[in-house]
Amino acid sequence: MLAIIGGTGLTRLQNLQITHRQVIRTPYGEPSGALTFGEIGGHHVVFIARHGYGHTIPPHEINYRANIWALAEQKATRIVSVCTVGGIREDLAPGTVVLPDQIIDYTNGRKHTFFEGGDKPVTHIDFTEPYCAKQRGRILKAAKASHQKLLDGGVYAATQGPRLETAAEINRIAGDGGDMVGMTGMPEAALAREAGLSYASIAVVSNWAAGRADSRHKVDLAAAEGVFKEAIERVHRILEALVKVDGD
Ligand code: HPA
């Protein structure tokens with residue numbers, strides 16, 4: 001079954017025929033909210049809003065382990081996560097929808113692994129390609145089928161938040177190879193890999209990153225609200241098509 005993790009601007013799925021909601025208890029505490037089960041065009045989907053349904057949980061307080069564990073426990077096998085980013089690369093202007101293919105993790109202090117505690121074996125997951133190639137392929141196919149523009153590839157830099165970055169930090173991230181910056185991509189992707197789930201992200205650019213273009217002196221997250229909302233509509237169309245590509 002396909003799982004969709006919604007981020008800022010995507011706290012519910014359009015066209016989802018909800019069958020039930022379920023609160024899942026996990027060994028890692030509470031997920032961000034009840035899981036929402038339903039169907040789109042006859043295909044089963046499970047949905048969770050990463051920041052909670054009322055968007056009350058900030059990036060550094062999300063219980064990423066509980067969310068991934070709950071989805072795995074409910075037999076999700078594939079995850080598409082939707083996240084919001086600041087654009088660093090020149091072609092990543094607000095309103096762009098992009099499918100990242102790499103990650104750099106700048107977060108700290110988050111619960112980032114299932115493999116801790118004396119009872120767990122020492123495990124080093126392979127994370128060379130942090131996003132599942134098959135899942136990325138399905139998303140690209142879905143974008144094509146739904147006639148929505150989706151940029152293929154880019155390095156997602158995950159920062160700790162909740163504050164935005166300084167201009168110098170963005171320059172450093174750009175120097176490291178980062179193309180976009182967000183606060184929720186990690187440890188979510190690594191935990192999905194640890195849990196054996198196929199995982200990829202669709203990133204929606206909401207603003208220029210600090211120090212770039214319109215954000216040269218200040219980041220105004222609301223400045224491009226119109227294009228951001230329109231981009232989220234395009235993501236809904238991609239997700240509807242993805243459910244069909246994925247099947248059950
Ligand atoms: N930085 C970090 N996270 C973000 C940004 C940003 O500029 N925009 C949206 N999420």
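The values are calculated or read from the model by the stated rules, or taken from the named source; none is laboratory data. Source: prediction; values computed, not measured. Neighbour counts are summed over all protein chains in view; Cβ atoms, including those assigned to glycine, are modelled from backbone coordinates with ideal geometry. Remember, those area values only see protein heavy atoms, side chains included, never the ligands or the DNA or RNA. Shrake-Rupley method; radii C 1.70, N 1.55, O 1.52, S 1.80 Å.
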- Every residue from the stretch 68-87 that is open to solvent by 10 Å² or more (accessible area, probe 1.4 Å) and either of a type outside the set (S, T, Y) or part of a strand (DSSP E or B) (or both): W69, A72, E73, Q74, K75, R78, T84
- Item | When residues of the stretch 225-240 are limited to those that are charged (D, E, K, R) and farther than 19 Å from S201 by Cβ, the one surrounded by the fewest Cβ atoms within 10 Å (Cβ to Cβ) | E230
- Note on the structure: Counting only residues that are under 15 Å from the mean Cα position of the chain (by Cα) and of a type in the set (A, V, I, L, M), the stretch 127-149 contains a total of 1
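For the stretch 37-65, name all the residues that are part of a strand (DSSP E or B) and either under 17 Å from the mean Cα position of the chain (by Cα) or farther than 21 Å from R78 by Cα (or both).
The answer is V45, V46, F47, I48, A49.
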- Message: Consider the stretch 88-139. How many of its residues are within 17 Å of A190 (Cα to Cα), assigned to a loop (DSSP other than H, G, I, E, B) and touching an Asp or Glu at 6+ places or on another chain (Cβ under 9 Å)?
- Response: 12
- Task: Please determine, by comparing only the residues of the stretch 183-224 that are part of a helix (DSSP H, G or I) and more than 25 Å from Q74 (Cα to Cα), which one is least open to solvent (accessible area, probe 1.4 Å).
- Result: S215
- Sole exception among (1) buried (at least 21 other Cβ atoms within 10 Å of the Cβ); (2) not in a strand (DSSP E or B) for G9, by number: (1)
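Out of everything in the stretch 159-171 that is polar (S, T, N, Q) and open to solvent by less than 70 Å² (accessible area, probe 1.4 Å), what residue ends up being nearest to the ligand (Cβ to nearest atom)? So that I can check it myself, show each step before the final result.
First pass over the stretch 159-171, keeping only residues polar (S, T, N, Q): 159-160, 166, 171.
Remaining after also requiring open to solvent by less than 70 Å² (accessible area, probe 1.4 Å): 159-160, 166.
Numbers: T159: 5, Q160: 9, T166: 11 Å.
In this case the residue turns out to be T159.
This table checks each residue for (1) among the β-branched types (V, I, T); (2) within 25 Å of E230 (Cα to Cα).
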site: R136; (1), (2): no, yes
site: L140; (1), (2): no, yes
site: L150; (1), (2): no, yes
site: P162; (1), (2): no, yes
site: T166; (1), (2): yes, no
site: E169; (1), (2): no, no
site: I173; (1), (2): yes, no
site: G182; (1), (2): no, yes
site: E188; (1), (2): no, no
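Out of curiosity, is A213 within 24 Å of I68 (Cβ to Cβ), of a type in the set (A, V, I, L, M) and touching a residue at least 40 places away in the same chain (Cβ under 8 Å)?
In short, no.
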- Filtering the stretch 103-126 down to residues that are open to solvent by 60 Å² or more (accessible area, probe 1.4 Å) and under 16 Å from the mean Cα position of the chain (by Cα) yields D105, H112
- Which condition number does F115 fail, the rest of (1) within 25 Å of K244 (Cβ to Cβ); (2) modelled with pLDDT under 95 being met? (1)
- Leading residue by the ranking (surrounded by the most Cβ atoms within 10 Å (Cβ to Cβ)) among those in the stretch 35-56 that are touching a Lys or Arg at 6+ places or on another chain (Cβ under 8 Å), modelled with pLDDT of 95 or more and of a type outside the set (F, W, Y): A49
- Query: Hey, among A93, A174, A145, which residue is within 13 Å of the ligand (Cβ to nearest atom), open to solvent by 30 Å² or more (accessible area, probe 1.4 Å), at pLDDT 95 or above and touching a helix residue (DSSP H, G or I) at 6+ places or on another chain (Cβ under 8 Å)?
  - Reply: A93
- Query: Is it the case that A189 is touching a residue at least 24 places away in the same chain (Cβ under 8 Å) and within 11 Å of the ligand (Cβ to nearest atom)?
  - Reply: no
